[in-house]
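As structure tokens, the structure follows; a few thoughts come after it.
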Amino acid sequence: MKSPRFFAPEAAPGRLVLLSPDEAHHLRDVLRIGEGGEVVLLNGRGEAYRARVEGISRREVLVRVEGLEERESEPRFFLEILIPLLKGGRTEFLVEKATELGAGRILPFVSRYTVRTPSPRTHERLKARAIQALKQCGRLRLPEVEPPEELPRVLQKVRAERRCVAYEKGGLPLRKAFSSLPRDLALASGPEGGFSEEEIGLFQEAGFLPVSLGPYILRAETATLFLLSVWRYHSLT
Ligand code: SAH
């Protein structure tokens, strides 16, 4: 049976690692692993290490890193996905899907028609969801999760040269936009209320190509999931 995985960014061979409160809680209180227990530590940068629990208290869990268990090579394709803040935990759901489907960087945004406004806890919650998804799905590289910000600010942070925005009022058929997958790509889709004309103008000024996802008006989370899935399909060679 595969050893349970925990996120420890500072994991390195031979090091004694103090788990974060969340990871310590998961190990001690949820999985009830005791001293001497064998675990795997993920540093989130492509390495997984064999490790053994060396000390457990109510407050702390100490784990000794033994050796490298697995290494994930650099991905050939890198996706930046811009996701709107959505109600009812759907943004958290999309962060989980983006992690499972291999996105490299997640940029949550607030725009004119987003219904949900970010709380001070939102960023932490989104990052925690990405870590949970990483531990569950076997991926070794943790996507960067940026803090939720206003759309114009988020557009300034996009790095990829090639960029597409799903626009419900129409654009290039998606298949044409994906004819040959570029190494770096940024994809965006809008909130429940869609994008204003002004916002789609901002996207175009920032070099985003409007693309159509077909004749139906998809829910915001359906559109993001569609983009993630099409990208993943093309990136799996
Ligand atoms: N409130 C709008 C729909 C918003 S749908 C209306 O009723 O017209 C939420 C987001 O999903 C949109 O901003 C867009 O990014 C994406 N989307 C939904 N359907 C789409 C389609 N057929 N083509 C392109 N993008 C679509």
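The values are calculated or read from the model by the stated rules, or taken from the named source; none is laboratory data. In this text, all values refer to a predicted model and were calculated from it rather than measured experimentally. Counting neighbours? That spans all protein chains shown, and the Cβs are built from the backbone with ideal geometry, glycine included. Keep in mind that these areas ignore ligands, DNA and RNA; they rest on the heavy atoms of the full protein, side chains included. Shrake-Rupley method; radii C 1.70, N 1.55, O 1.52, S 1.80 Å.
Considering only residues in region 142-175 that are in contact (Cβ under 8 Å) with a residue 24 or more places away in the chain, more than 9 Å from the ligand (Cβ to nearest atom) and over 23 Å from the mean Cα position of the chain (by Cα), the one that is surrounded by the most Cβ atoms within 10 Å (Cβ to Cβ) turns out to be L172.
Here is a yes/no grid of residues against (1) at pLDDT below 95; (2) within 19 Å of I106 (Cα to Cα); (3) in a helix (DSSP H, G or I):
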{"position": "A160", "(1), (2), (3)": "no, yes, no"}
{"position": "C164", "(1), (2), (3)": "no, yes, no"}
{"position": "K169", "(1), (2), (3)": "yes, no, no"}
{"position": "R175", "(1), (2), (3)": "yes, no, yes"}
{"position": "S180", "(1), (2), (3)": "yes, no, no"}
{"position": "L185", "(1), (2), (3)": "no, yes, no"}
{"position": "Q204", "(1), (2), (3)": "no, no, yes"}
{"position": "V211", "(1), (2), (3)": "no, no, no"}
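Among the residues of region 180-203, the ones that are within 30 Å of P75 (Cα to Cα), of a type in the set (G, A, S) and more than 20 Å from the chain's Cα centre (by Cα) come to 1 in all. Going by the structure shown, is P210 open to solvent by less than 30 Å² (accessible area, probe 1.4 Å) and farther than 14 Å from C164 by Cβ? Here the answer is no, as P210 does not meet what is asked. Pairing residues of region 7-32 that are on the phi > 0 side of the Ramachandran plot with residues that are loosely packed, with under 13 Cβ neighbours inside 10 Å and in a helix (DSSP H, G or I), at Cβ distances under 9 Å and at least 6 apart in sequence or on separate chains, gives no pairs at all. Among the conditions (1) under 22 Å from the mean Cα position of the chain (by Cα); (2) more than 14 Å from the ligand (Cβ to nearest atom); (3) open to solvent by 70 Å² or more (accessible area, probe 1.4 Å), F226 misses just one, which is (2). Among the numbered conditions (1) among the charged types (D, E, K, R); (2) more than 10 Å from the ligand (Cβ to nearest atom); (3) closer than 17 Å to V154 by Cβ, the only one that E197 does not meet is (3). Look through region 111-121, keep the residues that are surrounded by fewer than 18 Cβ atoms within 10 Å (Cβ to Cβ) and of a type in the set (S, T, N, Q), and return whichever of them is modelled with the lowest pLDDT. Filtering first and then ranking leaves T117. In region 58-69 there is no residue that is of a type outside the set (F, W, Y), within 22 Å of R232 (Cβ to Cβ) and in contact with a strand residue (DSSP E or B) (Cβ under 7 Å, 6 or more places away or on another chain).
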